[in-house]
1. How large is ³J(HN,Hα), in whole Hz, for each residue of segment 95-108 in order, when computed from phi with the Karplus curve 6.51 cos²θ - 1.76 cosθ + 1.60 and θ = phi - 60°, using x for Gly and Pro?
2. Treating only the Cα positions of segment 73-281 as identical point scatterers, give the base-10 log of I(q)/I(0) from the Debye formula at each q in 0.13, 0.15 Å⁻¹.
3. Which order do the peptides 192-198, 135-141 take when ranked by the mean count of other beta-carbon atoms within 10 Å per residue, highest first?
Amino acid sequence: MEKTNLMKKLVKVSAVLTLCSAGLFSQFAVAEEQPAASQATAQQVASPAASQPTPEPPPAAATTEKVGNPYGLDAVWREGDFVARGTLIIMLLMSAGTWYLIVTKFLEQQQVKKQGQIARQKFWNADNIPQGVQTLDSKSAYRFIAEKAQNSTENHGSHMLDKIDFNTWVTLGIQRAVDKVQSRLSGGLAFLATVGSTSPFIGLFGTVWGIYHALTAIGISGQASIDKVAGPVGEALIMTAIGLAVAVPAVLGYNWLVRRNKAILEEVRSFGADLHAVALSGNMVSGEKPAQAKAKPTAE
């Protein structure tokens, strides 16, 4: 009987322990299933996100800024000392003066050529020299020569000029007028010749000065690579290029203007020679012959 009761108690205890262990196992299983489910849910949520392609960043806007030349003319001015800047200013002034003279002398030559055409059309159709003078413009070089010839004939009758031949006196007056016209046409050409002969040497001086400073800077830095040498030496060589750019127009302009002056002065001299012949013919004022030199008194 006691054994039977003992067996019953053991069965009950084992049943209770079984139930307790089953409850604990079920709770543990539920606890393990929940993280697994959460991990599965996270993987399911992450998998669509991972399957989607990663958006590419927008392309960077193209840069439109131009990279300036670090070894250009502005670098020469910016990094040069007062000697380099002074040399550059001198050559720029010489270039400006060269082009100014070329343009102004060309316009002046064109004006004298036009005055010569008017003189051929109007002056020689007048009755006498004074009337021909009135047909010309007050600023005409041909009128200036004609007025000098007229004044020479009118002033020859003075007592001081009695012993000077009339032909010689008129010739001197016309020749002086022609020389003044030639001097006016040739004015400024000496500047062009000076610029053409000196500007290359001024540019060479700027180059030597720039190379000296470039080599000094390279020696101080201790780096003699091509990128360290090419820039400063290239800046220095710009001075030589500027000197040649100033000299070439000056030389070409000088030769061109001298050649044009030669053709214009031939016309002016021809006009003076014809005027001299008319003055000696006596056709001065209203067709009257000018007073000739007084005859020398004969010895008694």
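Derivation of every value follows stated rules applied to the coordinates shown; laboratory data play no part. Keep in mind that what you see is a predicted model, and the values were worked out from it rather than measured. A quick note on method: Cβ atoms are made from the backbone with ideal geometry, for glycine too, and the neighbour counts reach across all protein chains shown.
1. 5, 4, x, 5, 5, 4, 5, 4, 5, 5, 5, 5, 5, 5
2. -0.78, -0.91
3. 192-198, 135-141
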